[in-house]
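Peer 1: Quick one: this structure, given as structure tokens, is what I'll be asking you about.
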């Protein structure tokens, strides 16, 4: 085996472990929240030592920041991958469906809305804020197009629709329905999307 291929294998192994760490951190964050999560929790979930964990992420804040950046990257990729044949409203519905399914699977912690410390920490994270602004621009364009096409209420300020849309992605009703109703995840997603875009009328 050449020196180059050895380095390539080590790089791949390092990246795979890093992804496993981010997977574990996302699950722990979803179940415990930022304040109760420890680096020991994450290391134990991955099956590595804490010193090995610190080779990838120097602090809890850095780890959480990277986990949230990865989630935003996933959302941006979803929007980019949507068919151009879909209307603006259909694209918004498709992204909400993706977010709800990821969330029902325990993979979408909504930390900024629940922890002032995390919100402040993330706002100081340039990579995170770059992703937030990019996703916000993409969704704002979709909302404006939906209003122009008559698919979304043009009498409402764009920000009201946009931030109401964000709120639907972290609506606590999702957890209550998953825990206490007898509905399948498919039905929960279907009904939450209907409520978000058609209301209760």
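No value in this document is a laboratory result; all are computed from the given coordinates. Only a predicted model underlies this, so the values are computations on that prediction, with no experimental measurement involved. Quick reminder, even Gly has a Cβ in these numbers, built from the backbone with ideal geometry, and neighbours come from all protein chains shown.
Peer 1: Would you mind ranking 130, 169 so that the residue whose beta carbon has the fewest other beta carbons within 10 Å leads the list? Could the numbers behind the result be given before it?
Peer 2: Values: 130 12, 169 20.
Placing the least packed residue first, the sequence is 130, 169.
Peer 1: Where does the Debye-calculated log10 I(q)/I(0) of the chain sit at q = 0.09, 0.12, 0.13, 0.17 Å⁻¹, using only Cα point scatterers of equal weight, no solvent?
Peer 2: -0.41, -0.70, -0.81, -1.21
Peer 1: Distance between Cα centroids, segment 5-60 to segment 72-109: provide it in whole Å.
Peer 2: First find each Cα centre; the distance between them is then 26 Å.
Peer 1: What angle do you read, to the nearest 10 degrees and between 0 and 90, between the alpha-carbon axis of helix 3-32 and the longest principal axis of the chain?
Peer 2: On a 0 to 90 degree scale, this one is about 50.
Peer 1: Using only Cα atoms and rounding to the nearest 10 degrees, what angle (0 to 90) does helix 185-198 make with the longest principal axis of the chain?
Peer 2: Orientation of helix 185-198: about 50 degrees from the principal axis.
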